[in-house]
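The structure under discussion appears below in the form of structure tokens.
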Amino acid sequence: MRVLIVEDNEELARLVVGGLAKAGHVADHAATAGEARHILAVGTYDAVILDLGLPDADGLAIVREMRARQDPTAILVLTARAGVDDRVEGLRSGADDYLVKPFAFEELVARLEALSRRPRAMQGILLTIANLGLDTAGRQAFVDEVPHVLSARELAVLEILMRRKGRVVPKKLVEDQLFGAAGDLSSNAVEVYVHRLRKQLAECGARVTIHTVRGVGYMIAEAK
């Protein structure tokens, strides 16, 4: 899973990021509501772990904003607010789960993984450009409705580009989505995956072009 942790306690955030990495998940960290809003505006996540007592806003404001724009990302509230009324308000605001501090890390991971198994009524599960389709839930690409095998990273790059078709996607955004904001990667890692994806799509007859905008990033569009 790709997870965003919104938590102003730097030590706790560091421990959660490290623990999730050991459990096989990629995690990014935002320390304020403003930083979280910026990250969520440019990236996509499987889940958000959200503290409510943020220095610049109540975390429930982020929950309500995400649901108001029909963002289906799973939200797990992680907070010291332990009252029944607090739990009810959090869940009614749009959170999917609610865990009170202090907590057992194993329970946090289990709750996250349970959320990932829930079907979500997402808009845009099937993305299309020309004769190319991508089932984002089933992780399957199709050309002329015929399935084609792509690697997990190739599928991830394709989804990032297709969700923003016709727009230039910054290379840094692709890097962050693939490897995490603090990921350790070689300087040409994104170029390698884009090259492989271009080759795969060309070989199966997809009528799309992945353009490179030098010094900026990439854009996918219908081939002309």
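The residue among Phe142, Ala223, Leu20 whose Cα reaches farthest toward the positive pole of the charge dipole of the chain, with charges on the beta-carbon of Lys, Arg, Asp and Glu, is Ala223. Each listed q (0.11, 0.17, 0.19, 0.20 Å⁻¹) maps to a log10 I(q)/I(0) for region 125-224, found by the Debye formula over equal Cα scatterers with no solvent: -0.29, -0.71, -0.89, -0.98. Counted residue by residue at 0.36 nm each, then reduced by the alpha carbon distance between them, the extension gain from Arg139 to Phe105 reaches 9.4 nm.
Distances between placed amide hydrogens fall under 5 Å for Ala27 paired with Val3, all partners being 5 or more residues away or on another chain.
Length gained on full extension, Glu65 to Arg196, computed as 0.36 nm times the residue gap minus the Cα-Cα distance: 43.4 nm.
In the complete set of protein chains, residue-level accessible area for Asp46 is approximately 80 Å², probe 1.4 angstrom. Residues in the chain average 51 Å² of solvent-accessible surface per residue, probe 1.4 Å, ligands and nucleic acids excluded.
Candidate values (1) 70, 55, 25; (2) 65, 35, 29; (3) 58, 35, 29 were compared with Cα extents along the principal axes in Å computed on the shown model; the agreeing label is (3). Helix-only arithmetic for the chain: the sum of -39500 (n - 2.57) across DSSP H runs with n ≥ 4, divided by the residue total, places the mean residue ellipticity at 222 nm at -12000 deg cm²/dmol.
Compared with the alpha-carbon gap, the fully stretched path from Ala80 to Glu10 is longer by 23.6 nm at 0.36 nm per residue.
The values are calculated or read from the model by the stated rules, or taken from the named source; none is laboratory data. On a predicted model such as this, the values are computed, not experimentally measured, just so you know. Virtual Cβ from ideal backbone geometry, glycine too; neighbours counted across all protein chains shown. For accessibility, only protein heavy atoms count, side chains too; no ligands or nucleic acids. Shrake-Rupley method; radii C 1.70, N 1.55, O 1.52, S 1.80 Å.
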